[in-house]
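Structure, as structure tokens:
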Amino acid sequence: MACRSREENNRRNPVPRASWTVDEFCSSVGISRSTYERAKREGWGPREMVLGRTGIRIADEAVIAWIAEREEKAASIAANKRDRQAEEAA
């Protein structure tokens, strides 16, 4: 059958995802679209790519890098907080 739907084709021939739409990305990392847009404006959003008319996509590698950056930022904030608490205790 030559004319299969996209869903049927994906079911019959599963291929690992290489990129995500913005909404899929937001859902997968648990943030709102407005948080994504703010992150993009402020320069801490994930790397994006444009694929013709299909719109903006976010590659798996960009998702992994973005998560690692957020983890590093959280660790840095926690370390600074511990340092301040130690200074106040002294």
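Rule-based calculations on the coordinates, nothing more; no lab input. Since we're looking at a predicted model, the values are computed, not measured. Virtual Cβ from ideal backbone geometry, glycine too; neighbours counted across all protein chains shown.
Given 0.36 nm per residue, what is the gain on full extension from ASN9 to ILE64 after removing their alpha carbon distance, in nm? Write out the running numbers ahead of the final one.
Working: separation 55, 0.36 × 55 = 19.80 nm, distance 2.73 nm.
Additional length available on full extension: 17.1 nm.
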Lys and Arg at +1, Asp and Glu at -1: neighbours of ALA75 with Cβ under 12 Å from its Cβ sum to +1
Work out how much length SER34 to GLU72 would gain on full extension: take 0.36 nm times their residue separation and subtract the Cα-Cα distance, in nm to one decimal. 11.4 nm
Short version: ³J(HN,Hα) in whole Hz for each residue of region 84-90, in order, from phi by Karplus 6.51 cos²θ - 1.76 cosθ + 1.60 (θ = phi - 60°), x for Gly and Pro, what are they? 5, 5, 5, 5, 5, 6, 7
Please list, in chain and number order, the residues 5+ apart from GLY45 or on another chain whose amide H is under 5 Å from its amide H, with Hs placed from the backbone. LYS40
Residue by residue through region 14-31, which ³J(HN,Hα) values in whole Hz follow from phi under the Karplus form 6.51 cos²θ - 1.76 cosθ + 1.60 (θ = phi - 60°), with glycine and proline marked x? x, 10, x, 5, 10, 8, 10, 6, 4, 5, 5, 4, 4, 5, 5, 9, x, 10
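Charges at C-beta only: +1 for Lys and Arg, -1 for Asp and Glu. How large is the resulting dipole of region 15-89 about its Cα centre, in Debye rounded to 20?
Working: 13 positive and 13 negative charges, 56 e Å.
The calculation lands at about 260 debye.
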